[in-house]
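One structure below.
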């Protein structure tokens, strides 16, 4: 009873029963003697109707001589519209019957109360006759000629009524059977979805349902398959991430364990140099844990940002100035292409600088001596576009989509001390997303350099004055600091 196809079948059956019942009830209420008689009489009273024709005939002939052909023509036309035995009657003003339908029991006279319900026919302001239609109930069915004998008419009517009931019953049965089949067909995709959810619950994330049925069911099935694919991909990434974390943590822990065991076994002397090496490994572990925590907070939108209007032109100049000595040590040229005017954006200065530092660090690691790194800023469609381009190792097309994945390194053979653990670009990606921005990478191919681009929303116009005031204070502080340094040196 709780099955969808059962409920749909019952709904189809109920609709069929109610529909046939309403049709039968309406037919019985409408096709009765009173309604059909009123409908016919109103038809006679219309302009150029039978009443007008009879009035014209009486005026032209001065009486009712020769009226039978006119009434017989109307009588024959009524044969196609009525489903009752009918008697069309014309009387004189006293109720004496002048004409009645042939083949029926003809009354000789109509009573006064009958004449009051009939249509009066007037000529020169006087009533010259009455027109009436008497309907005798006949079972719904085939129309029978009024000239047929009563026993034949009754038999045919009963036979037609039985035939109609049988046809209705057969139609109802076929409709119910068809409704059951259709309901099973409609509910089949839902059954597959149930099997699919059960398979997903059993951790069978590779299960997919067939996309069939109506457009809505196909959309639901397609959404289910996309969800299952996303879950499978997330599970794969989770397992890979756990393996990568375990691998990255295992190396410094192994070094710490081995060196401490060697010190305990008097293999290594307990000297500051050895303790410094152990301390470097603990710092590596601390950085790794902090990076993972930061990345998790940023991706979960739980990282608290202290956003305020900043001039990106000044900010990028500071970052370039910070990295110039590092680039000089590697014989790499760090160029900048910054606009003369301010480019305001509401950002968390520390986090955006961290993202830029990760991009520049990545560029320095993959650019050989003699290479060039360019840090540029421009405005595109109400967005500030920051680019870090280099002419270094480049990225193969198959690696482009995974550059921002955790622990992913394009060159797996690169040493960990030079290539990092593979979290820098993932952190940059998460921090930019946390600022409602976008980050993308482009590269012509391996050995042809790469370009990382960050796009951030520009600050509202009302923030410009705040940015200008903040920059003015900053310049004043810098000037004051320089004066103090000069005084100290003197």
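Taken together, the values in this text are just the output of simple stated rules run on the coordinates, not laboratory data. Owing to the predicted nature of the structure, the values given are computational and were not obtained by experimental measurement. Cβ atoms come from the backbone with ideal geometry, glycine included; neighbour counts cover every protein chain shown.
Kindly put 130, 12, 178 in sequence by how many other C-beta atoms sit within 10 Å of each C-beta, fewest to most.
Fewest to most other Cβ atoms nearby, the residues stand as 178, 12, 130.
For residue 260 and residue 178 in the same chain, what is the full-extension length gain: residue separation times 0.36 nm, less their Cα-Cα distance, in nm?
Stretched fully, the residue 260-residue 178 segment lengthens by 21.5 nm.
For a test of the definition: using alpha carbon positions, the gyration tensor, and the 1.5 limit on a/c, classify the range 272-332 as rounded, prolate or oblate.
Verdict is oblate for the range 272-332.
So if we plug the beta-carbon distance of residue 396 and residue 203 into 1/(1 + (r/R0)^6) with R0 = 41 Å, what FRET efficiency do we get, rounded to 0.05?
Once rounded, the FRET efficiency stands at 0.75.
At 7 Å along the Cα-to-beta-carbon direction for both residue 76 and residue 440, put a label point, then send me their distance in nm to one decimal.
Taking the simple label geometry, residue 76 and residue 440 are separated by 8.4 nm.
What FRET efficiency do you get for residue 318 and residue 211 if R0 is 45 Å and r is their Cβ-Cβ distance, rounded to the nearest 0.05?
With R0 = 45 Å, the Cβ-Cβ based efficiency is 0.25.
Enter the mean projected area of the convex hull around the alpha-carbon atoms of the range 215-299, in nm², rounded to one decimal.
7.2
Relative to the present Cα-Cα distance, how much length would full extension add between residue 45 and residue 280 at 0.36 nm per residue of separation?
Fully extending the segment from residue 45 to residue 280 adds 73.4 nm.
Would you order 429, 113 from fewest to most other beta-carbon atoms within 10 Å of each residue's own beta-carbon?
Fewest-to-most ranking of 429, 113: 113, 429.
Could you check the spin-label model distance between residue 194 and residue 98? Points 7 Å from the Cα along Cα→Cβ, value in nm.
If labels sit at residue 194 and residue 98, their model points lie 7.8 nm apart.
Using the basic label-point model (7 angstrom from Cα toward the beta carbon), what is the residue 372 to residue 114 distance in nanometres?
Going from the residue 372 label point to the residue 114 one covers 11.7 nm.
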